[in-house]
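**Q** Can you keep this structure in mind? I'll have questions shortly.
The values are calculated or read from the model by the stated rules, or taken from the named source; none is laboratory data. These numbers come from a predicted model, not from an experiment. A quick note on method: Cβ atoms are made from the backbone with ideal geometry, for glycine too, and the neighbour counts reach across all protein chains shown. Quick note on the areas: whole protein, heavy atoms, side chains included, nothing else; ligands and nucleic acids left out. Shrake-Rupley method; radii C 1.70, N 1.55, O 1.52, S 1.80 Å.
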Amino acid sequence: MSAESTPEPGIPGETGTSRPRHRAKGRRRKPRDRRKGLLIMAWTAAGIVVLGGTGAGYLYFKLNGNLKSVDIDQALGTDRPEKVDNGSENILVLGSDTRSGSNKKLGGGADDGSARSDTAMIVHVYEGHKKASVVSIPRDTLVDRPECTDTNGDTHDAASGVMFNEAYSTGGAACTVKTVESLTGIRMDHYLEVDFSGFQKLIDELGGVTVKTTKDINDPDSHLNLKAGTHDLTGKQALGLVRTRHGVGDGSDLGRIQLQQAFIKALINQVKDVNLFGNPKKLYDLADTATNAVTTDSDLGTVNKLMSFANGLKGIGSKDMTMVTMPVQYDPADPNRVLVEKKKARLVWDALKNDRAIPKSATEGTATGDAKGVVNAA
(Lines give C-alpha, C1' and ligand atoms only; values in the text may rest on other atoms or scores of the structure.)
Protein backbone atom coordinates (compact mmCIF):
# COMPACT_ATOMS: atom_id res chain seq x y z
CA MET A 1 0.00 0.00 0.00
CA SER A 2 1.27 3.44 -0.81
CA ALA A 3 0.85 6.55 1.29
CA GLU A 4 -0.81 8.74 -1.31
CA SER A 5 -4.34 10.07 -1.46
CA THR A 6 -6.21 10.52 -4.72
CA PRO A 7 -5.48 11.83 -7.27
CA GLU A 8 -2.36 9.79 -7.94
CA PRO A 9 0.77 11.70 -6.95
CA GLY A 10 2.30 11.49 -10.40
CA ILE A 11 -0.55 13.55 -11.88
CA PRO A 12 -1.38 16.67 -9.84
CA GLY A 13 -4.89 17.79 -10.59
CA GLU A 14 -6.06 14.60 -12.30
CA THR A 15 -9.83 14.72 -12.66
CA GLY A 16 -11.65 12.22 -10.47
CA THR A 17 -15.17 10.89 -10.52
CA SER A 18 -17.85 13.41 -9.68
CA ARG A 19 -20.47 12.24 -7.21
CA PRO A 20 -23.70 13.82 -6.00
CA ARG A 21 -23.53 15.05 -2.44
CA HIS A 22 -26.18 15.18 0.26
CA ARG A 23 -27.09 18.58 1.59
CA ALA A 24 -27.31 19.14 5.31
CA LYS A 25 -30.83 19.75 6.62
CA GLY A 26 -31.87 23.32 7.03
CA ARG A 27 -29.29 24.71 4.61
CA ARG A 28 -30.25 25.95 1.18
CA ARG A 29 -27.36 26.69 -1.12
CA LYS A 30 -27.32 28.55 -4.37
CA PRO A 31 -25.19 27.36 -7.29
CA ARG A 32 -22.01 29.37 -7.78
CA ASP A 33 -18.68 29.18 -9.53
CA ARG A 34 -17.15 25.72 -9.07
CA ARG A 35 -13.61 26.89 -8.38
CA LYS A 36 -12.59 26.60 -4.76
CA GLY A 37 -9.97 27.89 -2.40
CA LEU A 38 -7.09 25.74 -1.19
CA LEU A 39 -7.12 26.88 2.44
CA ILE A 40 -10.43 27.75 4.03
CA MET A 41 -8.92 30.46 6.23
CA ALA A 42 -7.20 32.22 3.35
CA TRP A 43 -10.12 31.68 1.00
CA THR A 44 -12.48 33.39 3.46
CA ALA A 45 -10.15 36.35 3.85
CA ALA A 46 -10.44 36.99 0.12
CA GLY A 47 -14.02 38.08 0.63
CA ILE A 48 -13.13 40.73 3.17
CA VAL A 49 -12.51 43.21 0.38
CA VAL A 50 -16.23 43.11 -0.35
CA LEU A 51 -16.95 44.45 3.12
CA GLY A 52 -14.39 47.21 2.75
CA GLY A 53 -15.88 48.18 -0.59
CA THR A 54 -19.36 48.62 0.89
CA GLY A 55 -18.32 51.39 3.21
CA ALA A 56 -17.96 49.12 6.22
CA GLY A 57 -14.31 50.00 6.59
CA TYR A 58 -14.41 49.67 10.36
CA LEU A 59 -15.15 45.95 9.91
CA TYR A 60 -11.95 45.65 7.92
CA PHE A 61 -9.94 47.20 10.75
CA LYS A 62 -11.60 44.92 13.29
CA LEU A 63 -10.74 41.87 11.23
CA ASN A 64 -7.22 43.15 10.74
CA GLY A 65 -6.89 43.41 14.52
CA ASN A 66 -7.92 39.78 14.91
CA LEU A 67 -4.88 38.44 13.08
CA LYS A 68 -1.87 37.15 14.98
CA SER A 69 1.49 36.92 13.25
CA VAL A 70 4.97 35.60 13.98
CA ASP A 71 8.16 37.13 12.54
CA ILE A 72 9.83 33.84 11.70
CA ASP A 73 12.16 35.42 9.14
CA GLN A 74 14.00 37.36 11.83
CA ALA A 75 14.26 34.28 14.05
CA LEU A 76 15.50 32.06 11.21
CA GLY A 77 18.14 34.50 10.00
CA THR A 78 20.03 33.93 6.78
CA ASP A 79 21.06 30.28 7.24
CA ARG A 80 18.17 28.92 5.20
CA PRO A 81 17.62 27.10 1.90
CA GLU A 82 17.80 29.40 -1.08
CA LYS A 83 14.53 30.77 -2.40
CA VAL A 84 13.78 29.14 -5.76
CA ASP A 85 12.34 31.77 -8.06
CA ASN A 86 10.22 29.61 -10.37
CA GLY A 87 6.75 30.94 -9.59
CA SER A 88 5.90 28.27 -7.02
CA GLU A 89 5.21 28.77 -3.30
CA ASN A 90 5.67 26.56 -0.24
CA ILE A 91 3.44 27.05 2.80
CA LEU A 92 3.86 25.18 6.09
CA VAL A 93 0.42 24.61 7.62
CA LEU A 94 0.28 23.54 11.26
CA GLY A 95 -2.47 22.42 13.59
CA SER A 96 -1.55 23.23 17.18
CA ASP A 97 -2.49 20.91 20.04
CA THR A 98 -1.97 23.44 22.82
CA ARG A 99 -3.77 22.42 26.03
CA SER A 100 -4.08 25.93 27.43
CA GLY A 101 -6.95 28.42 27.40
CA SER A 102 -10.05 27.53 25.38
CA ASN A 103 -8.27 24.51 23.93
CA LYS A 104 -7.91 22.68 27.25
CA LYS A 105 -11.32 21.00 27.21
CA LEU A 106 -10.87 20.11 23.53
CA GLY A 107 -7.38 18.68 23.79
CA GLY A 108 -7.99 16.15 26.50
CA GLY A 109 -4.63 16.82 28.14
CA ALA A 110 -3.16 18.77 31.00
CA ASP A 111 -2.92 22.55 30.94
CA ASP A 112 0.83 22.51 31.30
CA GLY A 113 1.42 25.52 29.07
CA SER A 114 3.03 23.39 26.39
CA ALA A 115 1.99 22.81 22.80
CA ARG A 116 3.00 20.60 19.91
CA SER A 117 2.28 20.62 16.20
CA ASP A 118 -0.49 18.05 16.09
CA THR A 119 -0.68 18.32 12.30
CA ALA A 120 1.95 19.48 9.81
CA MET A 121 1.55 19.80 6.06
CA ILE A 122 3.76 21.32 3.38
CA VAL A 123 1.52 22.87 0.73
CA HIS A 124 3.35 23.37 -2.56
CA VAL A 125 1.52 25.63 -5.01
CA TYR A 126 2.79 25.11 -8.55
CA GLU A 127 3.65 27.90 -10.95
CA GLY A 128 0.47 29.43 -12.31
CA HIS A 129 -1.39 28.58 -9.08
CA LYS A 130 -3.66 26.04 -10.78
CA LYS A 131 -2.45 22.92 -8.97
CA ALA A 132 -0.94 21.99 -5.62
CA SER A 133 0.73 19.10 -3.80
CA VAL A 134 0.32 18.56 -0.07
CA VAL A 135 2.87 16.52 1.90
CA SER A 136 1.86 15.49 5.43
CA ILE A 137 4.70 15.07 7.94
CA PRO A 138 3.91 12.43 10.59
CA ARG A 139 4.29 13.96 14.03
CA ASP A 140 5.86 10.70 15.32
CA THR A 141 8.75 10.89 12.86
CA LEU A 142 12.16 10.72 14.53
CA VAL A 143 14.30 13.54 13.16
CA ASP A 144 17.48 15.47 13.89
CA ARG A 145 16.31 18.88 15.05
CA PRO A 146 18.77 21.66 14.20
CA GLU A 147 19.79 24.42 16.56
CA CYS A 148 17.12 27.09 16.36
CA THR A 149 16.18 30.48 17.76
CA ASP A 150 12.59 31.18 18.76
CA THR A 151 10.79 34.48 18.29
CA ASN A 152 11.78 35.55 21.81
CA GLY A 153 15.43 35.37 20.81
CA ASP A 154 16.18 32.25 22.90
CA THR A 155 18.46 29.69 21.27
CA HIS A 156 17.74 25.96 21.58
CA ASP A 157 20.42 23.31 21.12
CA ALA A 158 20.24 20.80 18.32
CA ALA A 159 18.92 17.35 19.21
CA SER A 160 19.14 13.96 17.47
CA GLY A 161 16.45 11.32 17.18
CA VAL A 162 13.59 13.36 18.61
CA MET A 163 9.96 13.39 17.53
CA PHE A 164 9.15 15.93 14.86
CA ASN A 165 6.36 17.60 16.80
CA GLU A 166 8.72 18.41 19.67
CA ALA A 167 10.20 21.16 17.52
CA TYR A 168 7.08 23.23 18.18
CA SER A 169 7.06 22.60 21.93
CA THR A 170 10.76 23.49 22.03
CA GLY A 171 10.78 26.73 20.08
CA GLY A 172 7.37 27.34 18.55
CA ALA A 173 6.76 28.22 14.91
CA ALA A 174 10.31 29.35 14.20
CA CYS A 175 11.88 26.07 15.34
CA THR A 176 9.27 24.08 13.44
CA VAL A 177 9.98 25.94 10.21
CA LYS A 178 13.72 25.53 10.82
CA THR A 179 13.26 21.79 11.30
CA VAL A 180 11.15 21.42 8.16
CA GLU A 181 13.66 23.38 6.08
CA SER A 182 16.51 21.25 7.45
CA LEU A 183 14.56 18.06 6.74
CA THR A 184 13.55 18.97 3.20
CA GLY A 185 16.13 21.45 1.94
CA ILE A 186 13.20 23.59 0.78
CA ARG A 187 12.56 27.15 1.90
CA MET A 188 9.13 27.77 3.40
CA ASP A 189 7.68 30.97 1.92
CA HIS A 190 4.84 31.19 4.44
CA TYR A 191 3.61 29.71 7.69
CA LEU A 192 0.00 29.35 8.83
CA GLU A 193 -1.30 27.79 12.05
CA VAL A 194 -4.78 26.89 13.34
CA ASP A 195 -5.48 25.76 16.91
CA PHE A 196 -8.15 23.38 18.26
CA SER A 197 -10.82 25.90 19.22
CA GLY A 198 -10.31 27.96 16.07
CA PHE A 199 -10.75 24.90 13.85
CA GLN A 200 -13.92 23.85 15.65
CA LYS A 201 -15.47 27.32 15.44
CA LEU A 202 -14.54 27.59 11.77
CA ILE A 203 -16.37 24.38 10.89
CA ASP A 204 -19.43 25.40 12.91
CA GLU A 205 -19.48 28.81 11.23
CA LEU A 206 -19.45 27.08 7.84
CA GLY A 207 -22.50 25.06 8.89
CA GLY A 208 -20.60 21.80 9.25
CA VAL A 209 -19.03 19.45 6.73
CA THR A 210 -20.78 16.45 5.17
CA VAL A 211 -18.79 13.22 4.91
CA LYS A 212 -19.49 9.55 4.32
CA THR A 213 -17.82 6.92 6.48
CA THR A 214 -17.46 3.34 5.29
CA LYS A 215 -16.73 1.97 8.78
CA ASP A 216 -17.79 2.74 12.34
CA ILE A 217 -15.46 5.16 14.13
CA ASN A 218 -15.47 5.10 17.93
CA ASP A 219 -12.74 6.88 19.87
CA PRO A 220 -13.46 8.00 23.46
CA ASP A 221 -10.14 9.87 23.53
CA SER A 222 -11.25 12.23 20.76
CA HIS A 223 -14.93 12.13 21.80
CA LEU A 224 -15.98 10.72 18.44
CA ASN A 225 -18.62 8.06 17.76
CA LEU A 226 -19.80 7.72 14.15
CA LYS A 227 -21.63 4.80 12.59
CA ALA A 228 -20.88 3.92 8.98
CA GLY A 229 -22.93 6.22 6.78
CA THR A 230 -23.41 9.88 5.89
CA HIS A 231 -22.83 12.52 8.57
CA ASP A 232 -23.12 16.29 8.78
CA LEU A 233 -20.18 16.85 11.11
CA THR A 234 -20.27 19.63 13.67
CA GLY A 235 -17.08 21.43 14.55
CA LYS A 236 -16.57 19.18 17.57
CA GLN A 237 -17.06 16.04 15.48
CA ALA A 238 -14.78 17.32 12.72
CA LEU A 239 -12.08 18.04 15.27
CA GLY A 240 -12.49 14.54 16.69
CA LEU A 241 -12.19 13.05 13.22
CA VAL A 242 -8.96 14.78 12.25
CA ARG A 243 -7.44 13.92 15.63
CA THR A 244 -8.54 10.30 16.08
CA ARG A 245 -5.97 7.55 15.71
CA HIS A 246 -7.48 4.79 17.86
CA GLY A 247 -11.06 4.85 16.58
CA VAL A 248 -10.37 3.21 13.24
CA GLY A 249 -7.60 1.43 11.37
CA ASP A 250 -4.38 0.33 13.03
CA GLY A 251 -4.23 3.17 15.57
CA SER A 252 -1.22 4.77 13.91
CA ASP A 253 -0.47 8.41 13.20
CA LEU A 254 -0.25 7.41 9.53
CA GLY A 255 -3.88 6.29 9.58
CA ARG A 256 -4.86 9.56 11.22
CA ILE A 257 -3.16 11.42 8.37
CA GLN A 258 -5.26 9.47 5.86
CA LEU A 259 -8.40 10.64 7.65
CA GLN A 260 -7.12 14.23 7.71
CA GLN A 261 -6.40 14.25 3.99
CA ALA A 262 -9.85 12.87 3.18
CA PHE A 263 -11.52 15.44 5.44
CA ILE A 264 -9.62 18.33 3.85
CA LYS A 265 -10.91 17.31 0.43
CA ALA A 266 -14.47 17.08 1.76
CA LEU A 267 -14.06 20.51 3.36
CA ILE A 268 -12.82 22.13 0.15
CA ASN A 269 -15.64 20.53 -1.83
CA GLN A 270 -18.19 21.91 0.62
CA VAL A 271 -16.81 25.45 0.64
CA LYS A 272 -17.68 25.83 -3.03
CA ASP A 273 -21.41 25.62 -2.25
CA VAL A 274 -21.53 28.24 0.52
CA ASN A 275 -22.91 31.43 -1.04
CA LEU A 276 -20.90 33.84 1.12
CA PHE A 277 -20.94 36.72 -1.32
CA GLY A 278 -24.74 36.64 -1.37
CA ASN A 279 -24.88 36.78 2.42
CA PRO A 280 -22.77 39.66 3.86
CA LYS A 281 -23.49 38.71 7.47
CA LYS A 282 -22.42 35.11 6.86
CA LEU A 283 -19.31 36.36 5.12
CA TYR A 284 -18.41 38.65 7.99
CA ASP A 285 -19.08 36.03 10.69
CA LEU A 286 -16.91 33.50 8.90
CA ALA A 287 -14.17 36.06 8.22
CA ASP A 288 -14.25 37.12 11.88
CA THR A 289 -13.89 33.51 13.01
CA ALA A 290 -11.19 32.76 10.44
CA THR A 291 -9.01 35.75 11.28
CA ASN A 292 -9.31 34.92 15.00
CA ALA A 293 -8.43 31.28 14.34
CA VAL A 294 -5.14 31.64 12.50
CA THR A 295 -1.59 32.68 13.23
CA THR A 296 0.52 33.56 10.21
CA ASP A 297 4.04 34.63 9.38
CA SER A 298 4.48 38.40 9.39
CA ASP A 299 4.33 38.52 5.57
CA LEU A 300 0.69 37.40 5.78
CA GLY A 301 -0.07 39.29 8.97
CA THR A 302 -2.59 41.80 7.58
CA VAL A 303 -5.97 41.28 5.94
CA ASN A 304 -4.73 42.89 2.71
CA LYS A 305 -1.77 40.51 2.49
CA LEU A 306 -3.83 37.48 3.44
CA MET A 307 -6.46 38.49 0.90
CA SER A 308 -3.87 38.83 -1.86
CA PHE A 309 -2.44 35.44 -0.93
CA ALA A 310 -5.93 33.90 -0.99
CA ASN A 311 -6.73 35.34 -4.39
CA GLY A 312 -3.75 33.44 -5.74
CA LEU A 313 -5.15 30.14 -4.42
CA LYS A 314 -8.87 30.37 -5.11
CA GLY A 315 -8.61 28.55 -8.44
CA ILE A 316 -7.34 25.36 -6.78
CA GLY A 317 -9.95 22.73 -5.94
CA SER A 318 -9.72 19.27 -4.42
CA LYS A 319 -9.34 17.67 -7.87
CA ASP A 320 -6.32 19.89 -8.46
CA MET A 321 -4.52 18.63 -5.34
CA THR A 322 -2.15 15.72 -4.87
CA MET A 323 -1.94 14.59 -1.24
CA VAL A 324 0.81 12.28 0.01
CA THR A 325 2.52 11.42 3.27
CA MET A 326 6.26 11.95 3.63
CA PRO A 327 7.88 8.57 2.83
CA VAL A 328 8.64 6.76 6.10
CA GLN A 329 9.19 3.30 7.53
CA TYR A 330 8.31 2.07 11.01
CA ASP A 331 11.19 2.22 13.48
CA PRO A 332 12.35 -1.38 14.16
CA ALA A 333 13.14 -0.35 17.74
CA ASP A 334 9.73 1.21 18.40
CA PRO A 335 6.63 0.53 16.25
CA ASN A 336 5.06 3.73 17.60
CA ARG A 337 7.69 5.81 15.79
CA VAL A 338 8.62 6.18 12.14
CA LEU A 339 11.85 6.97 10.33
CA VAL A 340 12.28 9.00 7.17
CA GLU A 341 12.77 6.86 4.05
CA LYS A 342 15.53 9.18 2.90
CA LYS A 343 15.98 8.09 -0.72
CA LYS A 344 12.26 8.18 -1.44
CA ALA A 345 11.77 11.38 0.51
CA ARG A 346 14.47 12.98 -1.62
CA LEU A 347 12.33 12.22 -4.68
CA VAL A 348 9.53 14.23 -3.09
CA TRP A 349 11.69 17.18 -2.08
CA ASP A 350 13.48 17.31 -5.45
CA ALA A 351 10.13 17.30 -7.25
CA LEU A 352 8.80 20.19 -5.18
CA LYS A 353 12.03 22.15 -5.42
CA ASN A 354 11.89 21.87 -9.20
CA ASP A 355 8.11 22.50 -9.33
CA ARG A 356 7.41 19.06 -10.76
CA ALA A 357 4.80 16.41 -10.04
CA ILE A 358 5.66 14.01 -7.21
CA PRO A 359 6.54 10.66 -8.84
CA LYS A 360 4.53 7.58 -7.88
CA SER A 361 7.77 5.78 -7.03
CA ALA A 362 8.32 8.16 -4.11
CA THR A 363 5.54 6.57 -2.06
CA GLU A 364 5.55 3.00 -3.32
CA GLY A 365 6.48 0.48 -0.64
CA THR A 366 6.54 3.01 2.21
CA ALA A 367 4.73 2.66 5.53
CA THR A 368 1.09 3.69 5.53
CA GLY A 369 -1.90 3.59 7.82
CA ASP A 370 -5.00 1.46 7.57
CA ALA A 371 -7.67 4.15 7.23
CA LYS A 372 -7.64 4.91 3.50
CA GLY A 373 -11.18 5.08 2.12
CA VAL A 374 -12.83 5.18 5.55
CA VAL A 375 -13.84 8.82 5.04
CA ASN A 376 -15.03 10.34 1.76
CA ALA A 377 -16.85 13.45 0.60
CA ALA A 378 -20.59 12.76 0.61
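**Q** How do the pairs read when you match residues in the stretch 64-82 that are farther than 24 Å from GLY198 by Cβ and in a helix (DSSP H, G or I) with residues anywhere that are of a type in the set (D, E, K, R) and open to solvent by 60 Å² or more (accessible area, probe 1.4 Å), using Cβ under 9 Å and keeping only pairs 6 or more apart or on different chains?
**A** Short answer, once both residue conditions are applied: none.
**Q** Being open to solvent by 10 Å² or more (accessible area, probe 1.4 Å) and within 16 Å of ALA266 (Cβ to Cβ) is the filter here; which residues of the stretch 201-214 pass it? First the steps, then the outcome.
**A** Just the residues of the stretch 201-214 that are open to solvent by 10 Å² or more (accessible area, probe 1.4 Å), to begin with: 201, 204-207, 212, 214.
Answer for the stretch 201-214, where residues must be open to solvent by 10 Å² or more (accessible area, probe 1.4 Å) and within 16 Å of ALA266 (Cβ to Cβ): ASP204, LEU206, GLY207, LYS212, THR214.
**Q** Got a sec? Which of LEU106, LEU59 is surrounded by 12 or more Cβ atoms within 10 Å (Cβ to Cβ), closer than 30 Å to LYS281 by Cα, of a type in the set (A, V, I, L, M) and modelled with pLDDT of 50 or more?
**A** Details: LEU106 fails: modelled with pLDDT of 50 or more.
Within the list LEU106, LEU59, the selection yields LEU59.
**Q** Let me ask something else. Can you tell me how many residues in the stretch 174-195 are farther than 25 Å from ALA351 by Cβ and open to solvent by 10 Å² or more (accessible area, probe 1.4 Å)? So that I can check it myself, show each step before the final result.
**A** If we filter the stretch 174-195 for residues that are farther than 25 Å from ALA351 by Cβ, which is where we start, we get 174-175, 193-195.
So of that shortlist, the ones also open to solvent by 10 Å² or more (accessible area, probe 1.4 Å) come out as 193-195.
The total comes to 3.
**Q** Can you tell me which residue among VAL162, VAL180, VAL134 is within 21 Å of LYS265 (Cα to Cα) and of a type in the set (A, V, I, L, M)?
**A** Numbers: VAL162 fails: within 21 Å of LYS265 (Cα to Cα); VAL180 fails: within 21 Å of LYS265 (Cα to Cα).
Among VAL162, VAL180, VAL134, only VAL134 is within 21 Å of LYS265 (Cα to Cα) and of a type in the set (A, V, I, L, M).
**Q** I want to confirm something. Restricting to the stretch 137-163 and keeping residues that are open to solvent by 40 Å² or more (accessible area, probe 1.4 Å) and among the aliphatic types (A, V, I, L, M), which single residue is farthest from ARG243 (Cα to Cα)?
**A** Across the stretch 137-163, the extreme among qualifying residues is ALA158.
**Q** What is the one condition in (1) modelled with pLDDT of 95 or more; (2) open to solvent by 40 Å² or more (accessible area, probe 1.4 Å); (3) of a type outside the set (A, V, I, L, M, F, W, C) that ARG99 does not satisfy?
**A** All conditions are met except number (1).
**Q** Which ones in the stretch 232-249 are open to solvent by less than 50 Å² (accessible area, probe 1.4 Å), more than 19 Å from LEU286 (Cβ to Cβ) and without any contact (Cβ under 8 Å) to a residue 40 or more places away in the chain?
**A** Correct list: GLY240, THR244, ARG245, GLY247.
**Q** Where residues in the stretch 111-126 are assigned to a loop (DSSP other than H, G, I, E, B) and either at pLDDT 95 or above or among the basic types (Lys, Arg) (or both), which of them is most open to solvent (accessible area, probe 1.4 Å)? Quick ask: steps written out before the conclusion?
**A** So in the stretch 111-126, the residues assigned to a loop (DSSP other than H, G, I, E, B) come out as 111-116, 126.
Narrowing the set further to residues that are either at pLDDT 95 or above or among the basic types (Lys, Arg) (or both) leaves 116, 126.
Values: ARG116: 92, TYR126: 19 Å².
Among residues in the stretch 111-126 that are assigned to a loop (DSSP other than H, G, I, E, B) and either at pLDDT 95 or above or among the basic types (Lys, Arg) (or both), the one most open to solvent (accessible area, probe 1.4 Å) is ARG116.
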